[in-house]
Amino acid sequence: MFLQLWEVSILVSGRRIGENMAAEDWFDVRGAIAWVTEQTMDKTIGMTRFWEQKYWLSEFSAEFAMAGIIFVITMLAVLGPVWMERKLIARLMDHRGSTIAIRSLWTGEGNIRVEWWKDLPFGIGVPIGLVNGFLWNNFGNDSSNPKVAQVGNRSYAGWWWALPGMINNFADFTKFAIKEHMPPRDADQVTYEVAPFIIVTTTLLVFAFIPYGPSLYAANPDLSLVYMMAIFGIAPLGVFFAGWSSNNKYTLIGGMRSAAQLTAYEIPLLITVLSIAVLCGTLNIIEIAEFQMSGSQGSVWNIFLMPLGAALFLITMIAEVERTPFDMPEAEAELVEGWWTEYGGMRWGLLFASEYLRSLAACLLFSLFFLGGWEFPFEDALIAAPFVGGIFAFIFQIIPHSLWLLIKAWIVFAFFIWVRASLHRVRTDQILEFGWRYLLPLSVIQLGLSIWLRLGVYDGGPWPVVIPTLITVVAILLFVVLVLDEDKDALAEQRRPYHVSEINKASPGARINRED
Amino acid sequence: MAYHPRATPNFRNLVVRPMWITLRAGLRTIPYIGPRFFSSGYHGKIAEMFDDETKSRTGGKESSQIYAADRETSHFVKSISRPVTVMYPYERLEDLEPWLFVPNNYNGRIGVVWETCTACKACVRACPNDCLHMESEVRVNVLDMPDASEENVGLSSVEFVEGGYLARKNDDFEEIENSFSLETAHESAPQQYDFAEIIDLSGNTASVRWSDSGKTESVDLEGMIPAEQDIVSGRIDLGRCMFCGLCMESCPFNSFFMTNEYDGMSGLTRDDLWMDASRTRVLPVVHKEAVDRELAKRADKERSKRERAAKKASKEA
């Protein structure tokens, strides 16, 4: 198995094209790790009289290494959403966002150049001055507009407009790590300390069951979907612990809101996930992803088969990870920072990280459940295309499929950011009403549709082209109808400068004398 | 309940439009493509900061400025520009980006249709900050106003009496009614009537003293409108107002409004914040609906009263 890594020749020959391409990958990390640990144990413990122990030892160390690799990949992958949150939301909200850029090391406040190196003795400051001068002149915040140059062009982007903001994560970490731990005096100390660990550990455990690729996962039990959703649902308990134990009115209200909201949205989420499992006929996440891939059983992305389910999953997941418009539990305008008001330093940093990790998990799950997992869009069609098909086959073989999954997840997160920049926070009662009265019935309807699709339509082979096309067209038409919904009467009155609408008087009986 | 078309709480206005607006703002920051296809029409335009008078006073000093010059972003890619500064009051955000309207139910400057006010002082009692004050003023009764619908004219109980008041339509009454719009003219509403005190009443003529000029004159009552002294007008201490809108809610005659105007409320002294009747006046022109509704209500009341009286009289006869 490990040999596949080195046998590059297999990339251009010897692999059947189109036959479950995405499910297999030369990037066989699990196989490589297993091979390495097996060889190591053979050469070490296998030589001794404890050789019988080598089997479980090699297995254990392979799993351990795999968990570490997944942890590192997750931690690197979550830098993407954090960076996107900074840069993308700034652009969507018509500003560039404050960031710690690398150039902040040499551009001073207010375009004032403090030449401290001139005070150094023996001329050792000269090279520092030269370097600073080069950076200042070429990558500074000067402007050709003299009025702008007075204060310095703070929005300078230059060639590396993409880079500013990346370094912010490390600056944040440094700040969190240095800060003192200050629990409130009247807090319930044990619960207060335990709550962030419940949240962070369960969040990290979710990633044990999320595959990054066909052979890039930490654990893959048969019921990985059930495990994953169960662990995903523990964090709200930690949130409630945190809100309660901080002994602060803001955290308490935040915790209560969180409990109400997450309970209301957990149920439609689980029913939607159940409908996915029904449609794909499995409770294993990898099998769900492979069901949608070309050359496998279904070979159609689930989003074309259950657009309603995709919308439900997206909405409930945004609510579950407490992002705008469902961020009532941490409504900054009214609750300071919601249930995590009293946490500071590294604990706050970990909670912050776990929020983004949960968002990343939501995006990865959406990609796995609805966007065909690690398959490139129309992969088999591209490979089967005349003339250029061979090039595509080569590209898909040489680039690990995990990359497509990550890109999909980041695109979904970009959608999250877009939603956050656009929509306003929803009132608590409206959130709950939306959850219980709209999402719950809709998810039940989706479950019924999935059962009908699986039992009544699906015949074991690839889906007939008509089914996903029809469902997608109907979904788009419904969306268009919703979009075109407009108050025509109000349009006629739109030039009226003031509101003259009837006011419902607050006093009792005020409606009795109301006319029209 | 009629909403502003952009404020109607439907899927389009709550989800689709906001997402399209933010997407546009985001795409606008893309070099070359953004300014060309997603521009709002005022990018890179030169804004004139001074009016002609100010310009002549400052001796032709440079008065124009490119929008948001401090947001120039790149030495290399000049087209990455992002204007954000709207030069209010010379420019208004609603004019530049019409989708960013002021909501109808925004509690802004106080506006009163003094013509339909009956001085019941419900608003004064409702005000938690004691910022409303009432005083008397001479005014035309709404049911005698020439713009009231025909069947309602003459249903007010105000008559020409000695020592009473009369009003005459201003020459530019029609013009004011048709062209004055607080939307565009951010100034106090002009007077639609000239008022006079009736000194002597004889037949169809009366000698009156005009309130504006103080001149005494003999006028024909034809074309004159009876006015009342006991109707009061109010002053509002805007410095104390918290824009809660309780006054508006308490008004039983739909005469009191929180307009959605956000300007014309500032001053250099505390005294400037005392809004007198002229600064709060909302012409019935811009409030046709509410005024018409109120007029119809009062006319109905008066009509039924007269019918009852006539019936009673006929029964007695």
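The values are calculated or read from the model by the stated rules, or taken from the named source; none is laboratory data. Small disclaimer: the values here were computed from a predicted structure and weren't measured. Counting neighbours? That spans all protein chains shown, and the Cβs are built from the backbone with ideal geometry, glycine included.
Details
- B:R298 more than 24 Å from B:S181 (Cβ to Cβ), at pLDDT 85 or above and out of contact with any Asp or Glu (no Cβ under 6 Å at 6 or more places or on another chain): no
- When every residue of the stretch A:155-177 is checked against the conditions, at least one turns out to be over 30 Å from A:S402 (Cβ atoms), touching a helix residue (DSSP H, G or I) at 6+ places or on another chain (Cβ under 7 Å) and modelled with pLDDT under 85.
- Residues (more than 17 Å from the chain's Cα centre (by Cα) and either buried (at least 17 other Cβ atoms within 10 Å of the Cβ) or within 14 Å of chain A (Cβ to nearest Cβ) (or both)) located in the stretch B:234-251: B:D237, B:C241, B:C244, B:L246, B:E249, B:S250
- When restricted to residues that are at pLDDT 70 or above and assigned to a loop (DSSP other than H, G, I, E, B), the stretch B:146-180 contains 11.
- Selected residue (only one of A:I315, A:I276 is at pLDDT 90 or above, in contact with a helix residue (DSSP H, G or I) (Cβ under 9 Å, 6 or more places away or on another chain) and more than 15 Å from A:F416 (Cβ to Cβ)): A:I276
- Subset of the stretch B:12-31 [among the basic types (K, R) and either facing chain A (nearest Cβ under 7 Å) or touching a residue at least 60 places away in the same chain (Cβ under 8 Å) (or both)]: B:R12, B:R17
- Pairs, first without any contact (Cβ under 8 Å) to a residue 12 or more places away in the chain and more than 14 Å from every other protein chain (Cβ to nearest Cβ) in the stretch A:73-93, second of a type outside the set (G, A, S) and surrounded by 20 or more Cβ atoms within 10 Å (Cβ to Cβ), C-beta under 9 Å, six or more apart: A:M75/A:L357
- Scope the stretch B:109-129; condition assigned to a loop (DSSP other than H, G, I, E, B) and among the β-branched types (V, I, T); matching residues: B:V113, B:T118
- A:F369 within 14 Å of chain B (Cβ to nearest Cβ), assigned to a helix (DSSP H, G or I) and under 25 Å from A:F207 (Cα atoms): no
- Among (1) assigned to a loop (DSSP other than H, G, I, E, B); (2) under 20 Å from the mean Cα position of the chain (by Cα); (3) among the polar types (S, T, N, Q) - the single one A:T203 does not satisfy: (1)
Condition check ((1) crowded, with 18+ Cβ neighbours inside 10 Å; (2) of a type in the set (G, A, S); (3) over 14 Å from A:V278 (Cα atoms)) across all residues:
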position	(1), (2), (3)
A:R454	no, no, no
A:Y458	yes, no, no
A:G461	no, yes, yes
A:P464	no, no, yes
A:V473	no, no, yes
A:I476	no, no, yes
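- Per the listing A:S58, A:S104, the residue uniquely modelled with pLDDT of 85 or more, over 18 Å from the mean Cα position of the chain (by Cα) and assigned to a helix (DSSP H, G or I) is A:S58.
- Among (1) part of a helix (DSSP H, G or I); (2) in contact with a helix residue (DSSP H, G or I) (Cβ under 8 Å, 6 or more places away or on another chain); (3) surrounded by 22 or more Cβ atoms within 10 Å (Cβ to Cβ); (4) not small (G, A, S) - the single one A:Y343 does not satisfy: (1)
- Segments classed as helices (runs of 4 or more DSSP H), wholly inside the stretch A:382-455, with at least 2 members that are over 26 Å from the mean Cα position of the chain (by Cα), assigned by TED's automatic domain parsing to the domain that holds A:T263 and modelled with pLDDT of 90 or more: A:440-452
- In the set (1) touching a Ser or Thr at 6+ places or on another chain (Cβ under 9 Å); (2) modelled with pLDDT under 90, the condition left unmet by A:R495 is number (1).
- Flag if A:P307 is closer than 17 Å to A:V273 by Cα and either in contact (Cβ under 8 Å) with a residue 40 or more places away in the chain or of a type in the set (D, E) (or both): yes
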